[in-house]
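Chemist: What follows is a single structure, and I will ask about it in a moment.
The values are calculated or read from the model by the stated rules, or taken from the named source; none is laboratory data. A quick note: this is a predicted structure, and the numbers were derived from the prediction, not measured. So basically every Cβ, Gly included, is an ideal-geometry build from the backbone, and we count neighbours across all protein chains shown. For accessibility, only protein heavy atoms count, side chains too; no ligands or nucleic acids. Shrake-Rupley method; radii C 1.70, N 1.55, O 1.52, S 1.80 Å.
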Amino acid sequence: SRALSLKYRPLKFSDLIGQDSISQTLSLALDLNKVSHAYLFSGLRGSGKTSSARIFARALECEKFPTSVPCGECESCKSSLNNTHMDIIEMDAASSRSIDDIKKLIEQIQYKPAYSRFKIFIIDEVHMLTKEAFNALLKTLEEPPEYVKFILATTDPLKLPPTILSRTQHFRFKKIPQNSISTHLKRILGLENVKFEDEAIDLLSRNCGGSLRDALTLLEQSIIFSKENITLESVSSMLGALNPSIIEDFFNSILLKNDSKIESILKEFESYEVENIIDEMIIFLKYRMLSKDSRYNLIVIDRF
């Protein structure tokens, strides 16, 4: 009954999809006990920023520290997984953005951890803080007590003052590749015992904009819509997207000079966004080129 995005949320760095360089750097920092006092995670929504922040915080508090793989069995790990850890404080800057909110946070910093080695503050959507709030946070962020760690997360790092950026280690989370998303979704469907067509999952992966959370939301929607048998037709219908098979018919009709079929498909194209049609055409031609289809030599592809 749990949402797929929660059920399959990464619990260790090796679970992160499409962020290998970040996972490796953070893991080494933990294993070698070379941890900075402040980090900034920026990138597209659903790229793994908050999950990484929670994994990093859990590893710092784990009884087996220094380690990049939290044991998941000690009391600290268990309370962290249940979001009840007293020394890991999460704050949403979208709703708590004023100088008064930051003053309350600074007050908490004065007190040592309740029962762990660090007091960790995870501030999500940090770019939403007011100018006054940033100024109040600045000094604390630069020279916090040894037992305090900051992990800031944002989808828009350009809105952060340079003074904040210069005081943090900045990790840029990239857009997750379509192939990585597609492979991950297929693995989840295997675990959930849901039937699917590969082409349907590939189409789903292309329509999530590189966000894994969006992909999982769409996947959950498609499982319900298709009654646990995900087909290309059901996904394209649910998304209101063009079925890639129509693109293949269109190009084949051109090669066969079937004018009536071309006209029929062009009328069908009128129901879709131009961007969607062009994207599917480019993807189709790319796969034809990679598969070395004799009908689609480089001259023909270039003409198209």
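Chemist: Taking all protein chains in place and a 1.4 Å probe, what share, in percent, of the accessible surface of the chain do carbon and sulfur account for?
Modeler: Answer for the chain: carbon and sulfur cover 50 percent of the accessible area.
Chemist: Cα centroids of segment 56-122 and segment 132-202: how far apart, whole angstrom?
Modeler: 17 Å
Chemist: Per residue of segment 67-75, what does 6.51 cos²θ - 1.76 cosθ + 1.60 with θ = phi - 60° give for ³J(HN,Hα)? Whole Hz please, x for Gly and Pro, Karplus curve as stated.
Modeler: Whole-Hz 3J(HN,Hα) from phi for segment 67-75: 7, 9, 10, x, 5, x, 10, 6, 4.
Chemist: If the limit is 25 Å between Cα atoms, which of LYS78/LYS175; LYS78/LYS149; LYS78/LYS227; LYS257/LYS286; LYS7/LYS286; LYS12/LYS175 go over it?
Modeler: Going by Cα-Cα distance, LYS78/LYS175; LYS78/LYS227; LYS7/LYS286 fall outside the 25 Å limit.
Chemist: In addition: Quick one: net charge around SER23, please, counting Lys, Arg +1 and Asp, Glu -1 for every other residue with C-beta under 11 Å from its C-beta.
Modeler: -1
Chemist: Once you put a point 7 Å from the Cα of GLU263 and another 7 Å from the Cα of ASN179, both along the Cβ direction, what distance in nm separates them?
Modeler: 4.3 nm
Chemist: Measure nothing but the geometry: give the 0 to 90° angle between the long axis through the Cα atoms of 212-225 and the longest principal axis through the Cα atoms of the chain, rounded to 10°.
Modeler: Approximately 50 degrees, to the nearest 10.
Chemist: Only one of the values (i) 1.13; (ii) 1.32; (iii) 1.25 was calculated from this structure for Cα Rg over 2.2 N^0.38 Å; name its label.
Modeler: Correct label, based on the coordinates given: (iii).
Chemist: Could you work out the local net charge near LYS227, counting Lys and Arg as +1, Asp and Glu as -1, over the other residues with Cβ closer than 15 Å to its Cβ?
Modeler: Overall, the nearby charge balance is -4.
Chemist: Sum up the charges of everything whose Cβ sits under 14 Å from the Cβ of ASP293, counting Lys and Arg as +1 and Asp and Glu as -1, but leave ASP293 out.
Modeler: +3
Chemist: Could you give the nm distance between label points at LYS78 and GLU197, where each point is 7 Å from its Cα heading toward the beta carbon?
Modeler: Here the modelled spin labels are 4.8 nm apart.
Chemist: Now a separate question. In the structure displayed, which of LYS49/LYS159; LYS119/LYS174; LYS112/LYS139 lie more than 22 Å apart, Cα to Cα?
Modeler: Violating the 22 Å limit, Cα to Cα: LYS119/LYS174.
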